[in-house]
Amino acid sequence: MLKTVPAFDRIGEENAFAVLARANALAAQGRDVINLGIGQPDFRTPDFIVEAAIKALRDGHHGYTPAVGITPLREAVAVDLGKRFKVSVSPDEVMILPGGKPTMFMSILIFGEPGADILYPDPGFPIYRSMIEYTGARPIPVPIREENNFAFSAEETLELITPQTRLLILNSPANPTGGVTGKREVDKLVAGLERFPEVAIMSDEIYDHMVYDGETHVCLLAYPSIRDRLILLNGWSKTYAMTGWRLGYAIWPGKLYDYARKLAVNLHSCVNASAQYAGLAALKGPQDEVAKMVAEFDRRRKVVVEGLNRLPGVSCATPKGAFYAFPNIKRTGWKAKALANALLEDAGVAIIGGPDFGVLGEGYVRLSYANSTENILRALNRMGEFLTSRKAA
Ligand code: PLP
């Protein structure tokens, strides 16, 4: 018997990848599967960004870079945040990482251990809980409620803080719900957090460009009173349709920067150099492709919400951000995961069951509308036929 570390039996995963594999396997057998499962833009990375990566390789940028990323890219991130949110960020606080995920991984490793509590959104991105469990810390779910339009509640969040709380994870715009938390609620939360100076905050703002209906994204960096304990997670994956490039960044306060830098040196050395040059072009180049993609997501959002609300037993709140809808399916009689499985196997529509995002996800499913309007309409049709003809299992 191999003697492995028990923590590895506690680590979880992201079921969206398993659903993607199953959808691809069914497609390989000749089935027509519409994939509204995985959360990645269906657009191509804009050409000028791809060209910048090719040029970087041709120019000889194929070696190691500094572990924290190339200086011009860190500078560009600082300028971009300054411009968009009127905040002052030093390039020395910026770290380039292989995607958004490493920031949650590192933050949770830095704060998690047996005896510590870490607060995370439920339903929320599944890797938060997985990593908390891995470290042996206690995962404390912060309920994200449909009644609250899937925004987090400052009051409920603050009530969960105890002397054991080390880290609070926030995510707006949110996966899987599309919820956006407005400025008034964030102001309230930050004011409350001033009473708990020993609690670090990791704000996952990877969907910050994708807000609709006149909402504006509230960046946590704009709050000086928590700045010395705020970790910001962001990256290029969603905004620039670059999920496969593996490019993200973090803002780390104080000594956490050095901890994260050492983790990077131990783990991945640095991010692929050509991807970093692509990221630089993305930030410095024209932003109209981003605006076009967001406008297209907005159009599809309306189609998907309207279509879902016509399905028997389904009701869907209008998501204000990201590219997900999180309809309530309780009146269909189906359990969420059973419905997601049956829809994939029998109707060729891939979606994700709400419980894959936490216990409070029961009664909901997640649809990613990062797919063409035509496919979204076909999927809604199939779902309608399925729900009309099949009894809940
Ligand atoms: N944070 C949230 C809320 C996400 O939904 C995702 C991806 O789905 C990530 C982080 C990870 O992004 P990346 O692919 O850049 O690692």
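The values are calculated or read from the model by the stated rules, or taken from the named source; none is laboratory data. Every value quoted in this text rests on a predicted model; they were computed, and no experiment measured them. A quick note on method: Cβ atoms are made from the backbone with ideal geometry, for glycine too, and the neighbour counts reach across all protein chains shown. What goes into the accessible areas is simple: the full protein's heavy atoms, side chains included, and nothing from ligands, DNA or RNA. Shrake-Rupley method; radii C 1.70, N 1.55, O 1.52, S 1.80 Å.
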Q: Specify which of the listed residues (V77, V87, V94) is of a type in the set (V, I, T), under 19 Å from K255 (Cα atoms) and open to solvent by less than 30 Å² (accessible area, probe 1.4 Å).
A: V94
Q: Within the stretch 156-184, track down each residue that is outside any strand (DSSP E or B), surrounded by fewer than 23 Cβ atoms within 10 Å (Cβ to Cβ) and touching an Asp or Glu at 6+ places or on another chain (Cβ under 9 Å).
A: L160, I161, T162, P163, Q164, G182
Q) Since E13 meets every condition but one in (1) in a loop (DSSP other than H, G, I, E, B); (2) within 16 Å of the ligand (Cβ to nearest atom); (3) in contact with a Phe, Trp or Tyr (Cβ under 9 Å, 6 or more places away or on another chain), which condition does it not meet? A) (3)
**Q.** Index of the failed condition, A151 passing every other in (1) open to solvent by 20 Å² or more (accessible area, probe 1.4 Å); (2) over 17 Å from I231 (Cβ atoms); (3) outside any strand (DSSP E or B)
**A.** (1)
Q. Does the stretch 101-111 contain at least one residue that is more than 18 Å from the chain's Cα centre (by Cα) and away from the ligand (no atom under 16 Å from the Cβ)?
A. yes
Q. Which one of A282, A275 is under 17 Å from V77 (Cα atoms), touching a Ser or Thr at 6+ places or on another chain (Cβ under 9 Å) and small (G, A, S)?
A. A282
(Q) farther than 30 Å from N341 by Cα, of a type outside the set (F, W, Y) and buried (at least 20 other Cβ atoms within 10 Å of the Cβ): which single residue out of I144, I54, I110 fits that description? (A) I110
Q) Name the residues in the stretch 224-249 that are near the ligand (Cβ under 10 Å from one of its atoms) and among the small types (G, A, S), would you? A) G235, S237, G244, G248
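Quick check on the stretch 206-223: of everything there that is within 16 Å of the ligand (Cβ to nearest atom) and in a loop (DSSP other than H, G, I, E, B), which residue is nearest to V294 (Cα to Cα)?
Here is the first cut: in the stretch 206-223, the ones within 16 Å of the ligand (Cβ to nearest atom) are 206-211, 217-220.
Keeping just the survivors that are in a loop (DSSP other than H, G, I, E, B) gives 206-210, 217-219.
Details: I206: 14, Y207: 11, D208: 11, H209: 8, M210: 6, H217: 14, V218: 17, C219: 18 Å.
Among residues in the stretch 206-223 that are within 16 Å of the ligand (Cβ to nearest atom) and in a loop (DSSP other than H, G, I, E, B), the one nearest to V294 (Cα to Cα) is M210.
Rundown of residues vs (1) closer than 30 Å to R227 by Cα; (2) not assigned by TED's automatic domain parsing to the domain that holds P355, yes/no style:
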{"residue": "G12", "(1), (2)": "no, no"}
{"residue": "Q29", "(1), (2)": "no, no"}
{"residue": "D32", "(1), (2)": "no, no"}
{"residue": "N35", "(1), (2)": "no, no"}
{"residue": "I38", "(1), (2)": "no, no"}
{"residue": "H62", "(1), (2)": "no, yes"}
{"residue": "P72", "(1), (2)": "yes, yes"}
{"residue": "A76", "(1), (2)": "yes, yes"}
{"residue": "V89", "(1), (2)": "yes, yes"}
**Q.** Enumeration of residues in the stretch 107-130 that are assigned to a loop (DSSP other than H, G, I, E, B) and small (G, A, S)
**A.** G112, G115, A116, G124
Q) In the set A325, A264, A317, A295, which member is aliphatic (A, V, I, L, M) and assigned by TED's automatic domain parsing to the domain that holds V180? A) A264
Q: Show the residue pairs that are 6+ apart or on different chains and have beta-carbon atoms under 6 Å apart, the first residue being within the stretch 126-152 and over 15 Å from N175 (Cβ atoms), the second being within 16 Å of the ligand (Cβ to nearest atom) and basic (K, R).
A: P139/R129
Q: Could you tell me whether L26 is out of contact with any Lys or Arg (no Cβ under 6 Å at 6 or more places or on another chain) and away from the ligand (no atom under 16 Å from the Cβ)?
A: yes
**Q.** Residue list for the stretch 10-52, filter: more than 26 Å from R378 (Cα to Cα) and free of Cβ contacts under 8 Å to residues at least 12 places away in the same chain
**A.** D47
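Looking only at the stretch 354-375, count every residue that is in contact (Cβ under 8 Å) with a residue 40 or more places away in the chain and closer than 21 Å to F17 by Cβ and tell me the total. Working first, answer last.
In the first step, residues of the stretch 354-375 are kept if they are in contact (Cβ under 8 Å) with a residue 40 or more places away in the chain; the result is 354, 356-361, 364, 366-373, 375.
Next, only the ones that are closer than 21 Å to F17 by Cβ stay: 354, 356-359, 361, 364, 366-371, 375.
Number satisfying all stated conditions: 14.
Based on what the data block shows, is S203 touching a residue at least 24 places away in the same chain (Cβ under 8 Å) and within 13 Å of the ligand (Cβ to nearest atom)?
Judged against the criteria, S203 is a match.
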